[in-house]
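The structure under discussion appears below in the form of structure tokens.
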Amino acid sequence: MGSSFYQLEPQGQCSGSVQVPGDKSISHRAVMLASLAEGVCLIDGFLPSTDCEATLAAFKSMGVQMEALSPTKIRIHGVGLKGLKSPQGELNMGNSGTAMRLMSGILAGQEFSSTLVGDESLTARPMKRIQIPLQDMGANLALSNQGTPPLRVQPSNGLHSIDYQLPVASAQVKSCVLLAGLYAQGRTCVEENVRSRDHTERMLQAFSYPIEIEDNRVCLSGGKQLTAINIDVPGDISSAAFFIVGALLSKTTELVIKNVGVNPTRDGVIEILRRMGANIEISNGKTFGAEPVADLVVKSSELKGIEIPQHLIAKSIDEFPILFIAAACAQGTTRLNGAQELRVKESDRIHNMVIGLQKLGIDVDEKPDGLIIRGGKIKGGEVDSGGDHRIAMAFAMASLVSAEMMIVRNTDNVVTSFPGFVDSASQLGLRFK
Ligand code: S3P
């Protein structure tokens, strides 16, 4: 268990103007595609979090040259699809499911062996979901008996294309298959029932890789090339979400969050909060390469409980910890079902949030695939994040409306996605001690 914790005085503020760090999903993909491209890429706005640094370190150890011009600006000298070298030792993906699952697709196509390992949380996460399609493509991939890491990849006799119907909405699995598809003979297609985040597809197109997208079906043929580009990474809407809810909950607040990625496969949090009565304006829209970006203007609002629509779950999958805090402070009941994926994230986010909310005095029922939250008053006290970065930040925001002091235990992993969280949140008015 991590040793660091937050102690917060109640009734702080969340107002002013802020920029959140770069998008985690896009930062991972930028490093991966830049490393495999022909030519030199400059990535600006890179997220210098431990998750994305694990991806950087993995490519460095496979011979890719990188220059850190600053923590957020990195020049990567691409080696081409066939230019990676056998790594020295295991590749440690830390806490990052995205790094492990996407890298597996790339490593499945290499002519050398590799082993991917992770921390305690990642070592418990399900990897059969990528082993199954990769094996169908001819890859040689071994897992533990529980279907978890370490993940060992041996060279195969060459990958071949598949036409894969995703059994769960997962951008990580979709991206893994597409990245393996870059190395496969023939045309690889992935189809999903519900559209998951599409950063991989957008970035492949930006690197001039031919790819066909029709509704929820994506296809590409192996053996073409990625052409280097410069990438500006938008602010992470998943990090912005904590401050959005903070501003909604604190009294007489206006908060501006600049340059946030508002990709339509990621903006479910805005739609869910608006349905709950939130005043959130999207202004100053522009694009950073292939990704839409905007400023968000948030005003404090009276929230009401809602039934969360099924079609918004994939679009807001990482935002549920903070959405549950919003629901706990809303008038009336919020219901979520069909969200069993939350149980296999960095922690079991349904269970850990239920335990924490109950400790704070909120009436919550845990369901196998969701929960029911009856809005009430947050009394404050001590909660544990279960080592989950998003749960730690969500409970920190609850201090804005708590009656008493809040202690959030186990906050070490906040640096996996939001380095500088305490500084940014303090500047906006949260009262860390
Ligand atoms: C991610 C996809 C999502 C999300 C994760 C990042 C990505 O996971 O929860 O934080 O960058 O592709 P799933 O693909 O498992 O839904």
Pull up region 113-129, narrow it to residues that are within 20 Å of residue 190 (Cβ to Cβ) and not basic (Lys, Arg), then point me to the one that is farthest from the ligand (Cβ to nearest atom). 127
Apart from one, (1) within 21 Å of the chain's Cα centre (by Cα); (2) surrounded by 15 or more Cβ atoms within 10 Å (Cβ to Cβ) all hold for residue 139; the odd one out is (1)
Given (1) in contact with a strand residue (DSSP E or B) (Cβ under 9 Å, 6 or more places away or on another chain); (2) outside any helix (DSSP H, G or I), number of the condition residue 247 does not satisfy: (2)
Pairs under 6 Å by beta carbon, first residue in contact (Cβ under 8 Å) with a residue 12 or more places away in the chain in region 251-266, partner assigned to a loop (DSSP other than H, G, I, E, B) and open to solvent by 70 Å² or more (accessible area, probe 1.4 Å), six or more apart or different chains? 265/195
Residues (touching a Ser or Thr at 6+ places or on another chain (Cβ under 9 Å) and surrounded by fewer than 17 Cβ atoms within 10 Å (Cβ to Cβ)) located in region 196-210: 208, 210
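Taking region 421-433, which residues are open to solvent by less than 40 Å² (accessible area, probe 1.4 Å) and of a type outside the set (S, T, N, Q)?
Hits for region 421-433 are 421, 425, 428, 429, 430.
Residues checked against (1) more than 16 Å from the ligand (Cβ to nearest atom); (2) in contact (Cβ under 8 Å) with a residue 60 or more places away in the chain; (3) in contact with a Cys (Cβ under 6 Å, 6 or more places away or on another chain):
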site: 103; (1), (2), (3): no, yes, no
site: 111; (1), (2), (3): yes, no, no
site: 131; (1), (2), (3): no, no, no
site: 139; (1), (2), (3): yes, no, no
site: 145; (1), (2), (3): yes, no, no
site: 155; (1), (2), (3): yes, no, no
site: 165; (1), (2), (3): no, no, no
Test residue 258 against the stated conditions and say whether it is more than 12 Å from the ligand (Cβ to nearest atom), of a type in the set (Lys, Arg) and assigned to a loop (DSSP other than H, G, I, E, B). no
Output the qualifying pairs, or none if there are none: Cβ atoms under 9 angstrom, residues six or more apart or on different chains, first residue in region 51-73 and farther than 27 Å from residue 121 by Cβ, second residue modelled with pLDDT of 95 or more and among the hydroxyl-bearing types (Ser, Thr, Tyr). 63/86
Is it the case that residue 59 is outside the structural domain of residue 343 (by TED's automatic domain parsing), of a type in the set (Phe, Trp, Tyr) and closer than 30 Å to residue 255 by Cα? no
If a residue counts only when it is open to solvent by 50 Å² or more (accessible area, probe 1.4 Å) and of a type in the set (Lys, Arg), which strands (runs of 3 or more DSSP E) contained entirely in region 35-123 have at least 1 such residues? 73-77
Looking at 4, 15, 35, 27, which one is closer than 16 Å to residue 203 by Cα, more than 16 Å from the ligand (Cβ to nearest atom), in contact with a helix residue (DSSP H, G or I) (Cβ under 7 Å, 6 or more places away or on another chain) and of a type in the set (Gly, Ala, Ser)? 35
Somewhere in region 186-201, is a residue away from the ligand (no atom under 12 Å from the Cβ) and at positive phi? yes
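Per-residue answers, yes or no, for (1) out of contact with any strand residue (DSSP E or B) (no Cβ under 6 Å at 6 or more places or on another chain); (2) more than 16 Å from the ligand (Cβ to nearest atom); (3) open to solvent by less than 50 Å² (accessible area, probe 1.4 Å); (4) not assigned by TED's automatic domain parsing to the domain that holds residue 393:
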{"residue": "330", "(1), (2), (3), (4)": "no, yes, yes, no"}
{"residue": "336", "(1), (2), (3), (4)": "no, no, yes, no"}
{"residue": "340", "(1), (2), (3), (4)": "yes, no, no, no"}
{"residue": "343", "(1), (2), (3), (4)": "yes, no, no, no"}
{"residue": "353", "(1), (2), (3), (4)": "yes, no, yes, no"}
{"residue": "356", "(1), (2), (3), (4)": "no, yes, yes, no"}
{"residue": "362", "(1), (2), (3), (4)": "yes, yes, yes, no"}
{"residue": "373", "(1), (2), (3), (4)": "no, yes, yes, no"}
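The values are calculated or read from the model by the stated rules, or taken from the named source; none is laboratory data. From a predicted model like this one, the values you see are computed outputs, not experimental measurements. Here Cβ is always computed from backbone atoms with ideal geometry, including for glycine, and neighbour counts include all displayed protein chains. The protein model used for the area step is the full one, side chains on, heavy atoms only, and it has no ligands, DNA or RNA in it. Shrake-Rupley method; radii C 1.70, N 1.55, O 1.52, S 1.80 Å.
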